Each structure stands twice: as structure tokens, then as C-alpha cells.
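Below is one structure, written out as C-alpha cells; comments come after it.
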Amino acid sequence: MEAQTLAMAQEIDFSMWALFARATIVVKLVMLMLIIASFWAWSIIIQKLIMYRKARREADKFDQQFWSGEPLDELFEQIGTEPDGQSQRIFAAGMMEWRRSHKGDGGMIAGATARIDRSMDVAIAKESEDLQRGLSVLATVGSTAPFVGLFGTVWGIMHAFIGIAEEQNTNLAVVAPGIAEALLATGLGLLAAIPAVIFYNKLSADADRLVASYEAFADEFATILSRQLDS
């Protein structure tokens, strides 16, 4: 009897596709949701990794330009009012407000320093929002995917036990497929959640470091402009 049960179990196809094909419609929907969530999370991860690397390169390059000793007005003329880089946009926001604060007689409108600071703060807030856009998706996938997978597992095991009761047979060939299909849902949930959590933490830290560098640059730039105002 045991040999027959083992022979029947060995004939069962336990490939990923076979487990998916045999699953109930509810478990199939759960698996599809988790696969889509995983692809969505990975698309955001790859996009953000490329974006942050580009932002760091741009910040390093502009930092060298800014501290090269070139006059600020000439540097502003080179990059224009709508540059591509994040650091350049913060610099342009400050320079545009600086120029708007000049009177026709060459003097400065009162409160120029505060307005320049606010202009750069607004530019930094926009860059921060752009850097962090999509990270909430990773947080959501990381926190919910295991529970969605667990729901699929519970549903699949329940269905497997119903099948056992209907057939009144508890041998391995009857039990194993249903349990395997159910556990696949949990596996997919963890497969979606683990990278999402890891990269959410990494990308959030990277975004915070970039924003901190923008704020430090804005403070240094504001100090330079304030020194020129006081001179």
C-alpha cells in the first residue's frame, strides 16, 4: 500500500506551472496579484537605483563647477533657468530670486535673503518629492504581500481538506498537491515582500542622504549670497 501511494505521489507534477494550474480560482488570483506586485516593485527598484545614481553623479559634477571659482552669474548663464540636474535646479531657483530682488538702481529689495531661502526650500521640496515618489509602493508590497500570500495558503489548505473529506482518503497522493499549491502562495508572498522591504530601507536612506546634501548646498549658497548682500 505504501509503495503504491509513493508511486502515485511520484507521478504528480509538482512544477510551478502545474501547481498554479491545479490551484483554485481564488488561489490563482492571489498568485497573480503577488506576481504583478513583485514585477511592480522591481520596476520601481530598478528605476530608483538608476535615478539615484544619476542624481549623485550630477550633484558631484555640479559641486565641482560651483566651487571652481567661476562667477555665479556666469555659471547661471551656462545652466539656464530650467536645467536638468537636481542641484542645478536648486541653484537656479536661488539665482532667479536673487536677480528678481535687484532694484532698478542697483539696490536690493528688503527681505531678499529670506525670499532666496524660501525659493530654494521649495525647489528642494520638489526634488525630495520626486526622489521619494514610488517608495510607498515598496512599503505597501513589503508589509502586505506576506499576508496576501498567507490568505492564499489558508484558502488552499482549506480546499485541500475539503477534498480529503470528499474522497475520504488521506494518503500522500491526495494531500500533497493541495498543500503544495497552498504553500506556493506563501512563497510568492515572501518573494514579493523581501526585496521590497530591503530596497525600501536602502532607497529611503539614499533619498534622505541626497536631500540632506541639497539642503547643505542651499545653506552654503545662501551664505555666499548673504555675504554679498552685506558687503
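Bear in mind these aren't lab numbers, they're just calculated from the coordinates by the rules spelled out. As the structure is a computational prediction, the values presented were derived from the model and not from experiment. Because the Cβ atoms are built from the backbone with ideal geometry, glycine has one as well, and the counts that use them run over all protein chains shown.
What to note about this one:
- Positive minus negative residues near residue 138 (Lys, Arg vs Asp, Glu; Cβ under 14 Å): +2
- Length available on full extension from residue 136 to residue 70: 0.36 nm per residue minus the Cα-Cα distance, which gives 19.7 nm.
- Amide N proximity, the stretch 75-94 versus residue 100 label position 7 Å along Cα-to-Cβ, cut-off under 15 Å: 81-82, 90-94
- Sorting 131-141, 71-81 by their mean Cβ neighbour count within 10 Å, with the most densely packed peptide first, gives 131-141, 71-81.
- Taking label positions 7 Å along the Cα-Cβ direction at both residue 122 and residue 36, the computed distance is 3.9 nm, reported to one decimal.
- Nearby lysines by direct alpha-carbon distance to residue 126 (threshold 24 angstrom, same-chain neighbours under 8 apart not counted): 48, 54, 61, 202
- Length released on extending from residue 77 to residue 50, taking residue separation times 0.36 nm less the Cα-Cα span: 6.9 nm
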